[in-house]
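Each remark here refers to the structure printed beneath this line.
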Amino acid sequence: MRKILIVGGGTAGWMTAALFGKLFQGLYDIELVESEAIGTVGVGEATIPAIKKYNELIELDEPEFMRRTNATFKLGVQFVDWWKPGHSYIHGFGVIGQDWEWLRCHHYWLRANQRGRARDFADYSINTAAALAGKFMHARPEMKESPIGHIAYAFQFDATLYAKYLRGLAEQHGVRRTEGKIVDVGMHDSGDIASVTLEDGRKLDADFFIDCSGFRGLLIEQALKTGYDDWTHWLPCDRAIAVPCSRVAPLTPYTRATARDAGWQWRIPLQHRTGNGFVYSSKYIDDDSAEKLLLANLDGEQLANPNRLRFVTGKRRKMWNRNCVAIGLSAGFLEPIESTSIHLVQSSAIRLVQLFPDGATDQSTIDEFNRQTDFEWERVRDFLILHYWANERPGDLWEYCRTMDLPATLRRKVDLWRSNGRIFREDEELFSEESWIEVFLGQGLVPRSHDPLVAIKSDPQIDQFLGNIASTISRCVDVMPAHDEYVGKYCPAEPVA
Ligand SMILES: Cc1cc2nc3c(=O)[nH]c(=O)nc-3n(C[C@H](O)[C@H](O)[C@H](O)COP(=O)(O)OP(=O)(O)OC[C@H]3O[C@@H](n4cnc5c(N)ncnc54)[C@H](O)[C@@H]3O)c2cc1C
C-alpha cells in the first residue's frame, strides 16, 4: 500500500484529503484529482456538533476557519409548519434539563403535561432558548452545574470556501492536487481498480482509491457496478433548488426548515449572505413552480441564478468495494433536513483511517467497514423519516408520508416511545436520546404515559424541579451576548475583495 488516489475535490474529497494528510503523516503518497470544469455540487452549508471531532483531529483553528468560510454558529434547527401549519419547534443540540434521581427530565415534563401544568418544552433546553433569543456563547465546561456549561454547537459555512480552506490544509500536509477530467478507469484482471485516465491522456495509478466524485459515483458505480439501495419510498423528495440571497439582520444562530406543500425550504444564515433552498418531490410539483415558490420566499435580494439538483435518496449496497471506498455523495444521499451529509463524510473518513488496510485488503476489514457504515446510515435515515411520517399537514405528499410503512427499526422506537416515553440510543447511532425526544414531541407524538417512577415525586415537587430548570436557563440566556455581536468579535469574515 503506497499510493492513495482521491477522486473528486468537493467537500468530501478535501475533508478526506485533509484528514489523511494530517493523520498518515507522509506514510502514503496521497493525490487528489478534480476537475474545475465539472465543479462541485456547491451546497451543504449546515453541520451538526459532531464536526468538532473532525476539527480537533485536523487541529483546525476555529476562529480562523470561521473567518475564512464566513461561518456562523448553529444551535439547532427550527422546524416551521412540520407537524402542522402554524406550529414550530426547535431541535436544539445538547442536553435537555437535567436528570432527577435517575430519570430523564422529560418524564417529569410528561407528567406535568398530563396534568396541564407544563411550560413549553423549549424552556428546558439552553440551546433552544438561546436560539430563539438570537444569543450565542461558547460553553464554559468548568460550569458543570450551570446550563452555560452545556451549550452545544455546530457551524453554518460557505461550502465552496470550506473546500478551499481544507485544500490549503491538505496541501500543507503533503497531499498533491491534480487538475483534470477523468475519462476512463483502468481495471486489473482481479476486478480491482488500477488507474484513471485524464482527458489529456495522463494516467494516474494507485493501490487504493477513494471515490469522492459526487452523485455520478465514477468509480464505485460506473466502474465497479456496486448497486444502490433506493429509499425514495420513505424519503420521497428527489429534487432541490438552491439560491443565495443577501444577508438580513439579525444573524440567527440556527438553520430553518419550513415545510411546504410538496417539500420544504431551508434557510442558512452566513456572515456575508443567506443560503436558501427548496427540497421537493417531483411527483407533487414541477421544477418551474418549485423555483417560483423558492424565489417568492427569500428574505433578501437574490444573489445568483438558482442551482437545480436531482438526487435519489439511498445508499450504495457496499460503501467499500474491492480497493475502492465511496465517501460523500458517491456513497449515497440522505436529504439535508438534519444536515447530516457532511457528518457522514467525516465518519466514513475516520472509520477508514481506523480500518485502513496494511496491504492487500482482507474481506473481514471490508465487511466491518460496510457493517458500521450501513448501521449509521440506516439510523440516520430513520430519524429523517420520523420528521415526514409524524405529520398532520394537508396535501398529497404529507398524506403519503403519514400513511407509509415504517422501517422495522423505526417502528420499534416509535412504539416504545408512544407507550411511556422511553427511548434508548442504539450502539453508536448518531442522534442522541435528546434529539429523538425533541423531534418526537415537536412532531406532536406525545406518549400515552411516562416512566411510573415519576410518581415517587409529588406534583408540587415536580413543578418546583421543572420551574427551577426553566428559570435558570432563562437567566443564563439573559446574560448571553447576541449571536451577531459574538461572531463580530470572535470570527469576523474577511471583507469581500
Ligand atoms: C440540496 C442539497 C443540500 C445539502 N445540504 C447539506 C447540508 O446542509 N449539510 C450537509 O452536511 N450536507 C448537505 N448536503 C450534502 C453536501 O452537499 C455533500 O455531502 C458535500 O458537498 C459533499 O459533496 P461531494 O464532495 O461528495 O460531491 P461534489 O461536491 O459533487 O464533488 C465532486 C467532485 O468530483 C469531481 N469530479 C466528478 N467527476 C469527475 C471527473 N470525471 N473527473 C475529475 N473530477 C471529477 C468534481 O469536479 C468535484 O470536485 C446537501 C446536498 C444537497 C444536494
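Every number in this text was worked out from the coordinates using simple rules, so none of it is lab data. Small disclaimer: the values here were computed from a predicted structure and weren't measured. Glycine gets a Cβ as well: all are built from the backbone with ideal geometry, and neighbour counts include every protein chain shown.
Per residue, the Cα convex hull of the stretch 291-373 amounts to 133 Å³. Residue exposure proxy: 413, 22, 144, ordered by other Cβ atoms within 10 angstrom of their Cβ from fewest to most, comes out as 144, 22, 413.
Can you tally the net charge around residue 272? Count Lys and Arg as +1, Asp and Glu as -1, for every other residue whose Cβ sits under 10 Å from the Cβ of residue 272. Result for the local shell: 0. When the Cα positions of 344, 419, 385 are compared along the charge dipole of the stretch 321-459, 419 comes out farthest toward the positive end, with charges on each C-beta of Lys, Arg, Asp and Glu. Summing +1 for each Lys or Arg and -1 for each Asp or Glu among the other residues whose beta-carbon sits under 10 angstrom from that of residue 211 gives +1. Measuring r between the beta carbons of residue 57 and residue 143 and using R0 = 22 Å, the FRET efficiency lands at 0.25. At an R0 of 30 angstrom, the distance between the Cβ atoms of residue 184 and residue 358 translates into a FRET efficiency of 0.55. Neighbours of residue 67, meaning other residues whose beta-carbon lies under 11 angstrom from its beta-carbon, give a summed charge of -3 when Lys and Arg score +1 and Asp and Glu score -1. Computed from label points 7 Å out along Cα-Cβ, the spacing between residue 164 and residue 246 is 2.2 nm.
With runs of 4+ DSSP H residues as the only contributors, calculate the mean residue ellipticity of the chain at 222 nm using -39,500 (n - 2.57) per run, divided by the residue total and rounded to the nearest 500.
Values: 14 runs with 170 residues, N = 497.
It comes out at -10500 deg cm²/dmol, rounded to the nearest 500.
Counting only residues at least eight positions apart within a chain, or on another chain, the lysines with an alpha carbon under 28 Å from that of residue 53 are 3, 22, 74, 135, 144, 164, 315, 318, 413, 489.
Starting from the eigenvalues of the Cα gyration tensor, five times each then square-rooted, give me the equivalent ellipsoid semi-axes of the stretch 327-391, largest first, whole Å. Spell out each step's value before the answer.
Values: eigenvalues 151, 28, 13 Å².
Three semi-axes, in Å: 27, 12, 8.
When the chain is described by a simple charge dipole with +1 on each Lys and Arg Cβ and -1 on each Asp and Glu Cβ, the residue from 444, 6, 55 located farthest towards its positive end is 444.
Label-to-label distance, residue 305 versus residue 418, with points set 7 angstrom from Cα along the beta-carbon direction: 4.9 nm. Computed from Cα positions, the angle between helix 433-442 and the longest principal axis of the chain comes to roughly 60 degrees. For the stretch 255-400, the calculated P(r) over all alpha carbon pairs, in 5 Å bins from 0 to the bin holding the longest distance, is 2, 8, 16, 17, 16, 13, 11, 8, 6, 3, 1, 0 percent.
Most tightly packed first, judged by the mean number of other beta-carbon atoms within 10 Å of their residues, the peptides 121-133, 87-99, 219-231 read 121-133, 87-99, 219-231. Using C-alpha pairs below 8 Å separated by at least 6 residues, the relative contact order for the stretch 271-377 is 19 percent. The alpha carbons of the stretch 135-198 give a radius of gyration and a Dmax of 22.1, 62 Å, in that order. The convex hull of the Cα atoms of the stretch 151-309, projected and averaged over all directions, covers 13.7 nm². Of all the C-alpha pairs in the stretch 20-170, what % are more than 20 Å from each other? Value for the stretch 20-170: 63 percent of Cα pairs lie more than 20 Å apart.
In the chain, Rg over Rh equals 0.97, where Rg is the alpha-carbon radius of gyration and Rh the Kirkwood radius from pairwise Cα distances. About its Cα centre, the dipole of the chain is roughly 780 debye, where the only charges are +1 on Lys and Arg Cβ and -1 on Asp and Glu Cβ. For the stretch 97-231, take every pair of Cα atoms, bin their distances at 10 Å starting from 0, and report each bin as a whole percent. Result returned by the calculation: 9, 21, 19, 14, 17, 15, 4, 0.
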